[in-house]
Every structure is written in C-alpha cells, then in structure tokens.
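Novice: Got a structure for you, questions after.
The values are calculated or read from the model by the stated rules, or taken from the named source; none is laboratory data. Everything quoted here is computed from the prediction, not taken from an experiment. All Cβ positions, even for glycine, are placed from backbone atoms using ideal geometry, and neighbour counts span all protein chains on display.
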There are 2 protein chains.
Amino acid sequence: MSSQKPLLVAVVGVGLVGSEFISQLLSIPSPYSPFKLISLTSSKRTLTLNPTSPPAPQLKSEWKSLLSSSSLPADLQSLTQRLTTLVSQDKERVILVDNTSSDAVAALYPTWLAQGINVVTPNKKAYSGDVQLWKDILETSSRQGGGRFLNESTVGAGLPVISTLKELLGTGDKIIKIEGVFSGTMSYIFNEFSTGNEDGPAFSAVVSVAREKGYTEPHPADDLNGFDVARKLTILSRIISSFPTSSSLPTLQSFASVKTASLIPPELEGIPTGDEFLARLPAHDAQFAKLREDASKEGKVLRFVGVVDVQGGEVRAGLEKYPTTHPFATSLGGSDNIIMFHTERYSPRPLIVQGAGAGAAVTAMGVLGDLLKLV
Amino acid sequence: MSSQKPLLVAVVGVGLVGSEFISQLLSIPSPYSPFKLISLTSSKRTLTLNPTSPPAPQLKSEWKSLLSSSSLPADLQSLTQRLTTLVSQDKERVILVDNTSSDAVAALYPTWLAQGINVVTPNKKAYSGDVQLWKDILETSSRQGGGRFLNESTVGAGLPVISTLKELLGTGDKIIKIEGVFSGTMSYIFNEFSTGNEDGPAFSAVVSVAREKGYTEPHPADDLNGFDVARKLTILSRIISSFPTSSSLPTLQSFASVKTASLIPPELEGIPTGDEFLARLPAHDAQFAKLREDASKEGKVLRFVGVVDVQGGEVRAGLEKYPTTHPFATSLGGSDNIIMFHTERYSPRPLIVQGAGAGAAVTAMGVLGDLLKLV
C-alpha cells in the first residue's frame, strides 16, 4: 500500500469518538498507512495540515494543542471548496469523516458525495432522518464519479452489522427478519433488571446506576424513549430497501415512522432535567416490577429489542419477552449488543453478531474499518 | 457499478460449492452485476465464455450442459496464459476463483498473484499448508501490481470471521485470544453428545447419525482427527502474523504444527474405510462416556474447540470443558460455528460471531462476498 498515493482524510468533529478515531488513525505505522490526515475541524476551529506538518507519531500527541491554537475558524464551506479542488483538479482521493452527531453536517453529505468526496461517519442522523436526505445520499453516491458513503459504526459500533447485512443482500440471500438488542444502555438496564426471577432491583434504581456509570445520556429519557433503537432500525431497513431485489418493507419517512414503544411513563414526558426525571421515576417502579413478574411466571425475561420484520412488513422497537434459554437471556452481559439475522440461508438458525455496541474505542474502530474498505 | 468495466471471473472447480457459487454469481440482476464470467473449469474440461455467450439468466440453467459438451480439456497452463494476457495486455481486472480443495491449484496462487490476477477461494490448502507457499502468497500479493488474495470462506464459511479479524488488526486492536467451535461436524457431534447431563447417547451412535445426515466426511476419521480445525487455526494465526504490529505467536510450519488432540482412538488409527471405522468405534464408547460424566460432575459440557492464544503463544485444537452457562453450551445448536474474539478493546466481554459454518450456500456466499470486496 505504501507505494500508492495516500487517501487524504479530513475529519470533522473531535469529541470522544473523534479524538479516539484520530488516535487510531495516527497509530497505523507510517510505512504501512494508506492515509494522510489533511484537516481537523472542531465546532470552533480548523487545523489545516500540509506536507510540512509533523509526522504522525508526533502529531498524535500534538494535534489537540495545534488545533486549539489555530487561528482558522471552523468553516464547512471553505472545507468543501478545498476538498472539491483536491478531487477535481488534483485527482486526489479524499475521505470526509464526520464524527459529529450534527444534522447540519449530515445535510452536506449529498454535496460532498456529488463532488466525488467519500463520506464515512458514525453519525446516525442522515440515514435515519428525513427520507429525502437518504435518497439524495443514495443518488449522489451512485452517480458516475460520486463518492462512496459508509456508516458501519452507526449500528453496533465496531461490530460487523451493516457489512454483514450488505453481504447477505449482495450475494442474493433473502432477509426474513433482523432482531436484536441494539442499545447498549437498554441492554445494561434489562440485563440487570430482568434475569428470570420474579424479584430484583427497582427499575429506577437500575436506571440511576446506569446513569452514574455513564451508560445513559445525561437525561435518561433520551435513552428510554427508544429513539436510538428506532434510528438504528431505520438505517438497517433503508439498506435493505436500497437493494434492487428487495422487499415488502414500508418506506420509512424518518425514524419517527418506526413503531416505537417508549419506556417513558406518560406522566414523565417532557420533564426538562435528568435529575427531576430520576427523582420522579420511582413512583412508576411498580409498573415495571409487574411486567417483570408476569414475564418470570412465563419463564421469560424482558428485553428492549428492535425488529425489522421483512416478511411481516413491519419495523418496531419495544419491550418483548424471551425465554430464559434464549440467547438474549443467556448470552448477553454488560452493555452488549446482539443482532440476529434470520435469512433464507441462515435458517432455521440465525447468523448472530454480539459484543460491545457502544464506547469510543469500538465506535472509532468501526469508522477506521470503513476507511480501510476504501483503500 | 454498471457503468464501469466489469471484473472478469474465471472459475476453477464446479462441485457442490462451485455450482452454488456460479448460481449465486449469475443471479445478480444483470444491470447491477459488476462481474462477467469468462471461463469454467472442471477436473476434465474448460468452457470459455465470450461476449457472444448466452446472457446470465440463460447461462444459469445451461452452464452445466455447455461445460460437459465442451471439447476443450481442463488445462490450467492455458488458463493462466489467457488470464495473464487479459491483465497485462488488455488491462482487464481478473479474478480467479478456486472452488476446488486441490493442493495443485493452490500451488499456482503465487504465479497468478504475481501476474496481477486476484485470487478468491474457500480452499484451505494454501494458507494452512507449507509455510513457504503462504509466504509466497503474501509476497506476490503485496507487490506493486500484484493481485489480491481473499479467503474469507475458509473459516466459518459465510460468517464474517476473517474480515472481522483483519479489521480488528488493521485498526490497531490487540488480539488476546481467539476461541471457537470451528467445525460444523464437531459442533453437531458434541451438541448432541454432551448437554450437561451425565447420560446421553453413545458417542459412536452420534457419529453414525452425523454421517447419515451428511455432516461428516465419508470417513468420519477425517473429521475426528481435528485437522480441519487445525487448518482453520493456522489460517487465523497466519493472518495475525502477517500484520506488522504482531505478535508472540510461533510461526507454524504447517497445520501439522498445531497442537491437535485427535479424537481417533489409537487402536483405530489408519483404518481404511469409514464403514469399518464405525463398526469398531462402539468399543471405545465407554471412554467418551467417562469424559462426559466427569465434565457433567463439574457442571460442564464437552466441546471440540480451537484456540489461538496470542498472549500465551500457543495454537491448539482439542476437547475442552465449558460451564453449562457458557455460550458454547447454551447458544450452540445444529452444526453452528461460534467464534469469540477476546481483544484489548473487546474485553472483558468478547466479540462473538455465530451461525452455520458449513454448507454449499453459505460457503459460496463467503466466496461471492470476497468478490464484492474487489469491486
């Protein structure tokens, strides 16, 4: 690889995932790295790197201070112009890595892709938001000379979920159903809350601990509403729909079209702070305890799952019951994700992928893995 | 894709996997297919396809009769010349798909790769055989202008095992240990034989049923010797060793260097036929029953596993005991494979891939998946 022209990488977003991604990228031993970092953009500033910039090992320890002392403001329009010039005039291969969770950045993907700039991102917004943005991404990336769009780490972080789905579809398998625990937060909460016994800790207590451990958003309702799962299901559904041989799935106008059974008690909707929400959650513990008890009497556990039921033409997220012998009950631990692909070929027993589905290191790995696919 | 020049595909080997592969390849809807089939070679004949050949849907039903009525003998030397001309003079992109299990075909990979011909194969021989052939493949495929070598389906058939390992390594993760049930045959046998109870069916009876169902080779000793697992472990170990940042693993001279604990009773070594072997196996049922009983007393089951212990610098295959709560006990069924990647990032809980690890449809899918990576 080292003898070929490097792929030029522009990074937008330098938060937890972004920082880890930059660290992993700069850790590839220089003679083997097929990549060259050409810019870093935070919410405030841009750092432009050129051939006279420090070599990768040095840059790895210095990029933060170089970025914070840069006098160039963050300006996505200038960045777009620079990257377009590199692609169209200088025939360079360019990858834009969006490590933000910004709708505004996602809205620019079609512009970039149309210019031949490849886009790689863990940002779920584009592929799970308004249907028109998704269609624009499909259209611009399939044009002659369009850039490629890769977003493996939007579902299951570093786990091979989207690549596996694309391979199943690309080789002519028929997806019957995808079923899984897609949220690390929900996984942790229900692995702790529902173990098959009638008793156990109070729901609010489990959510509080999860928050203390940093497994939930600052406001736990942002996890309990199920939107994160609905977004991931939308991404998977749209990938299925984008293959020519598919399918009876409904067109999702956005992730809000997914049938999502929120866990937020109606009385607690719209509470502005996480602290107040948690203070009032114990009043609803009895409801959750009743659900656990009912499941236990059937020899089952509760899990918050997402289902893309291709055969049934339905996409849904919510609490479901599984026998205590089911992999969702026996095999899960911590904040693991587990995804089962039921297909024509993988039938009656599914193809299963399992492991940590959140965290900066494994998410950044999914992003860097997408970059490696472009080499 | 359709607007780009197609990748030319030459297939050697038209047995079970080969036939299924050809069927899957020709099932990609024509306007979307990035591939063009240019030749089929069986052990006896070659069929050369050119622009006037039937279109894919028709070819799908006719290739067998066309091949069997072809007057061209199978001749790998002529094939090599034709492909070399296509690559070097006509600047075509060519993929040689080896669907045989032949050592003789595997020995040609370095020649093809050096000419810029990509090689895709489910044939384990090359990467698990003599160390020099493996080194030659590495060397020729990493040359400027060399072809790429992909063999995803040699381990776990269509499951994403090798691609996941390469992504972990390529993004800088450290492999601590890979542990798994790598043989569909061994999986079936021990899922049936050892369920955690002290009693159960006789070992010889389970092996007989497995053979009747077509899960074993005609001679069951070819499964029970553990060589299939040793070959897969060799392939994974060598992939780890081929990454620059690795590792304390010993260099395996061939799959025979793996510490493999054969299940063939010493008295039954070298028995020429499967029938005689099965007739004499019941005399050894008591030994296997004792192992099962001992495991059961510890609350464990028996599984024939393969381990690449990077930290411990050891590669081994053999019967090991696992608690009845372990995924190898709870989650496995049928002839599933399960592979656990324990890594620096996936720790303490591993990344797990599970599903059918044998069979023509899923093996061919792994091969076609590799072709799609070359698009």
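Novice: What helices (runs of 4 or more DSSP H), lying completely within the stretch B:1-120, carry at least 1 residues that are of a type in the set (S, T, N, Q) and more than 14 Å from chain A (Cβ to nearest Cβ)?
Specialist: It comes to B:16-27, B:56-68, B:76-88, B:109-114.
Novice: For the stretch A:329-340, indicate whether the set of residues that are crowded, with 22+ Cβ neighbours inside 10 Å, more than 20 Å from the chain's Cα centre (by Cα) and closer than 29 Å to A:Glu198 by Cβ is non-empty.
Specialist: So far as the stretch A:329-340 goes, yes, one or more of its residues are crowded, with 22+ Cβ neighbours inside 10 Å, more than 20 Å from the chain's Cα centre (by Cα) and closer than 29 Å to A:Glu198 by Cβ.
Novice: Can you tell me which condition A:Lys124 does not meet? The list is (1) touching a residue at least 40 places away in the same chain (Cβ under 8 Å); (2) over 17 Å from A:Gly306 (Cβ atoms); (3) charged (D, E, K, R), and all the others hold.
Specialist: For A:Lys124, the exception is condition (2).
Novice: Of the residues A:Leu7, A:Leu59, which is under 21 Å from A:Glu92 (Cα atoms), of a type outside the set (Val, Ile, Thr) and in contact (Cβ under 8 Å) with a residue 24 or more places away in the chain?
Specialist: A:Leu7
Novice: Can you spot a residue in the stretch B:13-21 that is farther than 21 Å from B:Ala104 by Cβ and charged (D, E, K, R)?
Specialist: Scanning the stretch B:13-21, I find at least one residue that is farther than 21 Å from B:Ala104 by Cβ and charged (D, E, K, R), so the answer is yes.
Novice: To continue, here is another question. Picking from B:Ser241, B:Ser262, B:Ser208, B:Ser237, which residue would you name as being out of contact with any Phe, Trp or Tyr (no Cβ under 6 Å at 6 or more places or on another chain) and free of Cβ contacts under 8 Å to residues at least 12 places away in the same chain?
Specialist: The match here is B:Ser241.
Novice: Taking the criterion of being buried (at least 16 other Cβ atoms within 10 Å of the Cβ), modelled with pLDDT of 95 or more and under 17 Å from B:Leu96 (Cβ atoms), would at least one residue in the stretch B:25-34 satisfy it?
Specialist: Within the stretch B:25-34 (the criterion being buried (at least 16 other Cβ atoms within 10 Å of the Cβ), modelled with pLDDT of 95 or more and under 17 Å from B:Leu96 (Cβ atoms)), the answer is yes, since at least one residue qualifies.
Novice: Among the residues of the stretch B:103-120, is any under 17 Å from B:Phe35 (Cβ atoms) and surrounded by fewer than 20 Cβ atoms within 10 Å (Cβ to Cβ)?
Specialist: no
Novice: Restricting the stretch B:259-285 to residues that are farther than 17 Å from B:Met186 by Cα and among the small types (Gly, Ala, Ser), which is surrounded by the fewest Cβ atoms within 10 Å (Cβ to Cβ)?
Specialist: Looking at the filtered set, the residue picked out is B:Gly270.
Novice: Identify the residue in the stretch A:125-169 that is modelled with pLDDT under 95 and either touching a Ser or Thr at 6+ places or on another chain (Cβ under 6 Å) or not in a loop (DSSP other than H, G, I, E, B) (or both) and, among all such residues, is farthest from the other protein chains (Cβ to nearest Cβ).
Specialist: Filtering the stretch A:125-169 for residues that are modelled with pLDDT under 95 and either touching a Ser or Thr at 6+ places or on another chain (Cβ under 6 Å) or not in a loop (DSSP other than H, G, I, E, B) (or both), the one farthest from the other protein chains (Cβ to nearest Cβ) comes out as A:Ser142.
Novice: Let me ask something else. Determine if the stretch A:174-185 includes at least one residue that is closer than 27 Å to A:His284 by Cβ, assigned by the TED database to the domain that holds A:Gly274 and part of a helix (DSSP H, G or I).
Specialist: yes
Novice: Just to be sure before I move on: is B:Val301 more than 19 Å from the chain's Cα centre (by Cα) and crowded, with 23+ Cβ neighbours inside 10 Å in the structure I sent?
Specialist: Criteria met by B:Val301.
Novice: So, one more: Go through the stretch A:217-234 and report how many residues are free of Cβ contacts under 8 Å to residues at least 40 places away in the same chain and surrounded by 17 or more Cβ atoms within 10 Å (Cβ to Cβ).
Specialist: 2
Novice: Across the stretch B:297-315, what is the total count of residues that are part of a strand (DSSP E or B) and free of Cβ contacts under 8 Å to residues at least 40 places away in the same chain?
Specialist: Total satisfying the criteria: 0.
Novice: Quick test for you: out of A:Ser335, A:Ser331, pick the one residue that is modelled with pLDDT under 95, within 30 Å of A:Ser254 (Cβ to Cβ) and hydroxyl-bearing (Ser, Thr, Tyr).
Specialist: A:Ser335
Novice: Any residue that is surrounded by fewer than 24 Cβ atoms within 10 Å (Cβ to Cβ), over 23 Å from A:Val310 (Cβ atoms), within 14 Å of another protein chain (Cβ to nearest Cβ) and in contact with a strand residue (DSSP E or B) (Cβ under 6 Å, 6 or more places away or on another chain) - is there at least one of those in the stretch A:183-200?
Specialist: Yes: one or more hits.
Novice: If I go through the stretch A:110-124 residue by residue, how many of them are in contact with a helix residue (DSSP H, G or I) (Cβ under 6 Å, 6 or more places away or on another chain) and either farther than 19 Å from A:Leu40 by Cβ or at pLDDT below 95 (or both)?
Specialist: So the answer is 6.
Novice: For A:Ile339, all conditions in the list (1) in a helix (DSSP H, G or I); (2) more than 8 Å from chain B (Cβ to nearest Cβ); (3) closer than 30 Å to A:Leu96 by Cα hold save one; what is the number of the exception?
Specialist: (1)
Novice: Let me ask something else. What single numbered condition from (1) over 18 Å from the mean Cα position of the chain (by Cα); (2) of a type in the set (Gly, Ala, Ser); (3) crowded, with 21+ Cβ neighbours inside 10 Å fails to hold for A:Ser142?
Specialist: (3)
Novice: Taking the condition of being hydroxyl-bearing (Ser, Thr, Tyr) and within 19 Å of A:Ser141 (Cα to Cα), how many residues in the stretch A:70-99 meet it?
Specialist: Residues in the stretch A:70-99 being hydroxyl-bearing (Ser, Thr, Tyr) and within 19 Å of A:Ser141 (Cα to Cα): 4 in total.
Novice: What residue, of B:Arg280, B:Arg292, B:Arg345, is within 14 Å of chain A (Cβ to nearest Cβ) and of a type outside the set (S, T, N, Q)?
Specialist: B:Arg345
Novice: While we're on this one: In the stretch A:96-121, what residues are out of contact with any strand residue (DSSP E or B) (no Cβ under 8 Å at 6 or more places or on another chain) and closer than 20 Å to A:Leu8 by Cα?
Specialist: A:Leu108, A:Pro110, A:Thr111, A:Ala114, A:Gln115
Novice: Can you pull out every residue in the stretch B:62-97 that is of a type in the set (Asp, Glu) and without any contact (Cβ under 8 Å) to a residue 40 or more places away in the chain?
Specialist: If the condition is that a residue be of a type in the set (Asp, Glu) and without any contact (Cβ under 8 Å) to a residue 40 or more places away in the chain, then B:Glu62, B:Asp75, B:Asp90 are the ones that fit.
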